[in-house]
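Asker: First, the structure itself, so that you have it in front of you.
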Amino acid sequence: MVVLSRHWGKTIFPISSRHSHSKPHQNHRIIPQLNLTFNNGEQQRTLLESQLVSLLDGCTHLAQLNQLHAHLFRRGLNQCSLLVAKLLRILTALNVPIHAYPRRLFDQVHNPNAFAYTALIRGYSLLGPFEESVVLYTQMRREGVRPLSFTFSALFKACSGALDVDLGRQIHAQTVYIGGYESDLFVGNTLIDMYVKCGALGCGRRVFDEMPERDVISWTSLIVAYTKSGDMDAAGELFDGLPDKDMVAWTAMITGYAQNARPREALSLFESMREAGLKTDEVTLVGVISACAQLGATKYAGWIRETCEKEGLSPNMNVVIGSALIDMHSKCGSVEEAYLIFKDMTVHNVFSYTAMILGFAMHGLADSAIKLFYEMTETEIKPNKVTFIGVLTACSHAGMIREGQRLFTKMQDEYGVTPEADHYTCMADLLGRAGHLEEALDLINSMPLEPHGGVWGALLGACRIHGNSDIAELAATHLFELEPNNIGNYLLLSNIYALVGRWSDVSKVRNLIRSRGLKKNPGCSWVEAKDGVVHEFFAGDMRHPKSKEIKDALDELLKKLKVDGYKPILSSVVYDMSDIEKERRLKSHSEKLALAFSLLTTSSDSPIMIMKNLRICEDCHIVMCGASRVMKREISVRDNMRFHHFRDGACSCGNFW
DNA sequence: TTAGGGTTAG
C-alpha cells in the first residue's frame, strides 16, 4: 500500500484568460492538500479517479494542472479516459492550443472511450482546427466507440465554426446512432444553432418545429437568427409566443431591434423588461446603450448611465460597457462626456480606443483623434482595421491630406493591417473632398481589390462638392450597376447636373429613377424635449400638433436671416421648378422644422440638438449658421455622417463636409 | 454539452 500525502504550498500565478492581462496574483493561492490512499485494488483505483476528478474541478492554475498531471503520470492514470477527458475540458476552457499538449495527453490513452473522444472533439470544435473534430469522429466510429449525444453537440459546433452546412447535414443524418436529434434537447438545440449560423434559417426552423420538446434556448436561438437576418416581425412573433422569457431571450430581442436600426422599439422593450421584473446584465445594457446612441437621446442616455452604475457596471471598471458608453455619448453630441469616461477607465482595449477615436472624428476633432491614435501606439494595444477607419475619417473631415496618406502607408508597413475597400473609401473621400478628384480616381483604378459602392460613392459625393459632372458620370455608371436600388446615388448625380445647369440630363436621371420604381427616402429629423419625449419631423409634414406655431416661428427666423443677408440656396433643390416653389420646398426641410420647434419650446440659454437621418443640405447648413448668431444659441446637428456644431455664425466643420 | 454583446466609411 502506498500512502500519498503531499502538501503543495507554493505561490501560484494564475493563467491568463482571454480577457484579462496576466499579472502575478496579489493573494497567494495555496493548492489544497492532497491526501489519498492508493493500492492496486480496482475499487480504490476508481475511488482515486473520482477524487482526482473533483480535485481537477477546482484547478484554475496551470501550475496546479501540471503538478496533478505529473502525479497522474507517475500512477499510470494518464491513460484513464475519464481523467483525461476532464483535463481536456479544463485545457479547452483555458484556450490551450489543442494540437499541442492536450492532443499529446489524449494520444497517451489506450482505448479511449467516448468521453475522452468527445472532450477532444469539443476542444477542436471550440478552438479549431474544426476539421480535426470530424477526423476524430471518423476514427472513433472506426474503433467501434459509440458516440454520445454531446459528441454531436460538439460536432455541430465545429460545423458552425467552419460554416460548413453540407458537413452539418451529413452529421445531422448520423444522429440516428443516438436515436435522432428528437431524443435529446441539447442535440436539437445545437442543431438549430448550426443551421442558423450557417445561414440555413429554414432548416433551423424545421428542426425547431419538429422537436418534441423545446426550451427557452431553442426559442432564443431562432429569435436571434431572425433578428440577424433582419426579419424582426418573425422574431417578434416567436418572442411573443415564448412562454417563459428569460433575461437572455429579452436581451436577444432588444439587441435585435438595436441592430436593425429600430432603437425606439429596443428602448421600449427594455422598459417592458424592467417592468416584468427581470434582472439586467452587461449584455442587455450594451444593446440598450447602442439603441440610445442611434437615437441620440441625451436624457435617456443619462438614465442608462445611472442604470449601469446601479447594476454595478461602472464604465471605468468594465471595458465593454465603457466602450459602448463612449460611443453613445459621442453620438448623443457630447464628445467631452465621452472623453471623461475614456480617461477614467482603468482598462483599455482596441474597442475603447477606437470608439474614442471615432468619437473625435465624428465631431471634427481631427487633432485629438490623431493624438489619441499615437498614444495608443505607445501601449501594447494594436490598432485594427476599424481604428484606421477612424483616423482616416478624421483626416478627411479636416482636409489633412498629408497626414491621411502617411497613415494609410503606415497602416500596411508598420501595423500589418491590409487596406480593405472601406479604407479606400476613406482615401477617395480624403482626396476627393479636398478637390483632388483625378488623384482619387487614379487611386480607385489602382486598387488591388474590386472597388465597392462605398468607394465610388465617396468619389461621387466629392464631385458634388466640386461640381465635376464628368467624373461624376463615371462614378455613377459604376454605382448604378453595384447599387441599382440606392436612390441616393441617382439624386446626387441629378444634383450635380443641376449645379452645372444640365437640365436635360437632370430629367434623364429622374426618368431613370421612375423607371426603376425607386422612392425617395423621406428626410426625418428629431429632437428630444425637456421631458425626454422625442419629437419627429418629416419634410413637409404638418402632422405635429404645434405645426402652425412651428411654421410661424420658422418664417420669423428666415425673415431675420434675410435681413442679415441670407439668400436661399435654390440649387439644393434637385427638381426643376420655379424659384418660389423651390424656396417653399427648402422651408419644409425636416431639420428646419426641428430647429423652429426647439426655438419655440426651449429656454433661450439651452443648447439645441437636432438629429437627422440624411445628410444636411447646404441651405439648412447656412440657416443653422445664421440662426446660431441671430438667436444667440448653440445649435448642433447630427446628420448621417457626423456632427455639426454651430456657434456664433460658424460651423465646427469649417463648411468642409 | 446548448441561447444574447462593444468600435465601420460615401
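The values are calculated or read from the model by the stated rules, or taken from the named source; none is laboratory data. Since this is a predicted model, take the numbers as computed values, not measurements. Note that we place each Cβ from the backbone using ideal geometry, even for glycine, and neighbour counts take in every protein chain shown. Side chains included, ligands, DNA and RNA excluded: accessible areas come from the protein's heavy atoms. Shrake-Rupley method; radii C 1.70, N 1.55, O 1.52, S 1.80 Å.
Asker: Please find, among A:S368, A:S352, A:S396, A:S334, the residue that is within 20 Å of A:A297 (Cα to Cα) and in contact with a helix residue (DSSP H, G or I) (Cβ under 9 Å, 6 or more places away or on another chain).
Answerer: On inspection, the qualifying residue turns out to be A:S334.
Asker: I'd like to know if segment A:539-561 contains one or more residues that are on the phi > 0 side of the Ramachandran plot and touching a residue at least 24 places away in the same chain (Cβ under 8 Å).
Answerer: Yes, some residue in segment A:539-561 is on the phi > 0 side of the Ramachandran plot and touching a residue at least 24 places away in the same chain (Cβ under 8 Å).
Asker: Follow-up. Quick one: A:I121 ticks every box in (1) at pLDDT 90 or above; (2) more than 40 Å from the chain's Cα centre (by Cα) bar one, so which box is it?
Answerer: (2)
Asker: Within segment A:464-478, is even one residue outside any helix (DSSP H, G or I), under 30 Å from A:A293 (Cβ atoms), within 12 Å of DNA strand B (Cβ to nearest atom) and of a type outside the set (V, I, T)?
Answerer: No: segment A:464-478 contains no residue that is outside any helix (DSSP H, G or I), under 30 Å from A:A293 (Cβ atoms), within 12 Å of DNA strand B (Cβ to nearest atom) and of a type outside the set (V, I, T).
Asker: Residues that are of a type in the set (F, W, Y) and open to solvent by less than 10 Å² (accessible area, probe 1.4 Å), at least 2 per element: which helices (runs of 4 or more DSSP H) completely within segment A:99-153 meet that?
Answerer: Those helices (runs of 4 or more DSSP H) span A:114-127.
Asker: How do the helices (runs of 4 or more DSSP H) wholly within segment A:558-657 filter down when requiring 1 or more residues that are within 16 Å of DNA strand B (Cβ to nearest atom): which remain?
Answerer: In segment A:558-657, the matching helices (runs of 4 or more DSSP H) lie at A:618-630.
Asker: Name, by its number, the condition in (1) touching a helix residue (DSSP H, G or I) at 6+ places or on another chain (Cβ under 6 Å); (2) in the same structural domain as A:I635 (by TED's automatic domain parsing); (3) among the charged types (D, E, K, R) that does not hold for A:D505.
Answerer: With (1) touching a helix residue (DSSP H, G or I) at 6+ places or on another chain (Cβ under 6 Å); (2) in the same structural domain as A:I635 (by TED's automatic domain parsing); (3) among the charged types (D, E, K, R) applied to A:D505, the lone miss is (2).
Asker: I'd like the full set of residues that are open to solvent by 10 Å² or more (accessible area, probe 1.4 Å), at negative phi and either basic (K, R) or more than 8 Å from DNA strand B (Cβ to nearest atom) (or both), limited to segment A:172-190.
Answerer: Once the filter is applied, which keeps residues that are open to solvent by 10 Å² or more (accessible area, probe 1.4 Å), at negative phi and either basic (K, R) or more than 8 Å from DNA strand B (Cβ to nearest atom) (or both), segment A:172-190 yields A:H172, A:A173, A:Q174, A:V176, A:Y177, A:I178, A:Y181, A:E182, A:S183.
Asker: Identify, please: which residue in segment A:361-389 is within 21 Å of A:V347 (Cα to Cα) and small (G, A, S) and is, among those, surrounded by the fewest Cβ atoms within 10 Å (Cβ to Cβ)?
Answerer: Going through the qualifying residues, I end up with A:S368.
Asker: Give the number of residues within segment A:519-539 that are open to solvent by less than 30 Å² (accessible area, probe 1.4 Å) and more than 17 Å from A:A301 (Cβ to Cβ).
Answerer: Number of matching residues: 4.
Asker: Hey, another quick one. Given the residues A:I326, A:I289, A:I321, which is the only one that is in contact with a Gly (Cβ under 7 Å, 6 or more places away or on another chain), on the phi < 0 side of the Ramachandran plot, within 11 Å of DNA strand B (Cβ to nearest atom) and assigned to a helix (DSSP H, G or I)?
Answerer: Of the residues listed, the single one that is in contact with a Gly (Cβ under 7 Å, 6 or more places away or on another chain), on the phi < 0 side of the Ramachandran plot, within 11 Å of DNA strand B (Cβ to nearest atom) and assigned to a helix (DSSP H, G or I) is A:I326.
Asker: Then there is this: Can you tell me which residues in segment A:333-369 are near DNA strand B (Cβ under 8 Å from one of its atoms) and outside any helix (DSSP H, G or I)?
Answerer: Once the filter is applied, which keeps residues that are near DNA strand B (Cβ under 8 Å from one of its atoms) and outside any helix (DSSP H, G or I), segment A:333-369 yields only A:N349.
Asker: In segment A:299-318, which residues are more than 12 Å from DNA strand B (Cβ to nearest atom), part of a helix (DSSP H, G or I) and either closer than 26 Å to A:N640 by Cβ or open to solvent by less than 60 Å² (accessible area, probe 1.4 Å) (or both)?
Answerer: Of everything in segment A:299-318, those that are more than 12 Å from DNA strand B (Cβ to nearest atom), part of a helix (DSSP H, G or I) and either closer than 26 Å to A:N640 by Cβ or open to solvent by less than 60 Å² (accessible area, probe 1.4 Å) (or both) turn out to be A:K299, A:Y300, A:A301, A:G302, A:W303, A:I304, A:R305, A:T307.
Asker: Considering only segment A:241-256, how many residues are away from DNA strand B (no atom under 11 Å from the Cβ) and modelled with pLDDT of 95 or more?
Answerer: Total satisfying the criteria: 0.
Asker: Just for segment A:437-473: of the residues that are of a type in the set (G, A, S) and surrounded by fewer than 14 Cβ atoms within 10 Å (Cβ to Cβ), which one is farthest from A:Y497 (Cα to Cα)?
Answerer: A:S446
Asker: Report, ordered by the first and then the second residue, all pairs with beta carbons closer than 8 Å, sequence separation of six or more or different chains, a first member in segment A:379-399 that is more than 24 Å from A:A462 (Cβ to Cβ), and a second member that is more than 9 Å from DNA strand B (Cβ to nearest atom) and open to solvent by 10 Å² or more (accessible area, probe 1.4 Å).
Answerer: A:K382/A:Y415; A:P383/A:T377; A:P383/A:Y415; A:P383/A:V417; A:N384/A:V417
Asker: Quick test of your reading of the structure: A:M427 fulfils all but one of (1) surrounded by fewer than 18 Cβ atoms within 10 Å (Cβ to Cβ); (2) within 12 Å of DNA strand B (Cβ to nearest atom). Name the failing condition by number.
Answerer: A:M427 satisfies all of (1) surrounded by fewer than 18 Cβ atoms within 10 Å (Cβ to Cβ); (2) within 12 Å of DNA strand B (Cβ to nearest atom) except (1).
Asker: Give A:R402, A:R464, A:R406, A:R433 a once-over and let me know the one that is touching a residue at least 40 places away in the same chain (Cβ under 8 Å) and not aliphatic (A, V, I, L, M).
Answerer: Exactly one of A:R402, A:R464, A:R406, A:R433 is touching a residue at least 40 places away in the same chain (Cβ under 8 Å) and not aliphatic (A, V, I, L, M), namely A:R433.
Asker: Looking at this structure, is A:R206 farther than 26 Å from A:A85 by Cβ, more than 12 Å from DNA strand B (Cβ to nearest atom) and surrounded by fewer than 16 Cβ atoms within 10 Å (Cβ to Cβ)?
Answerer: yes
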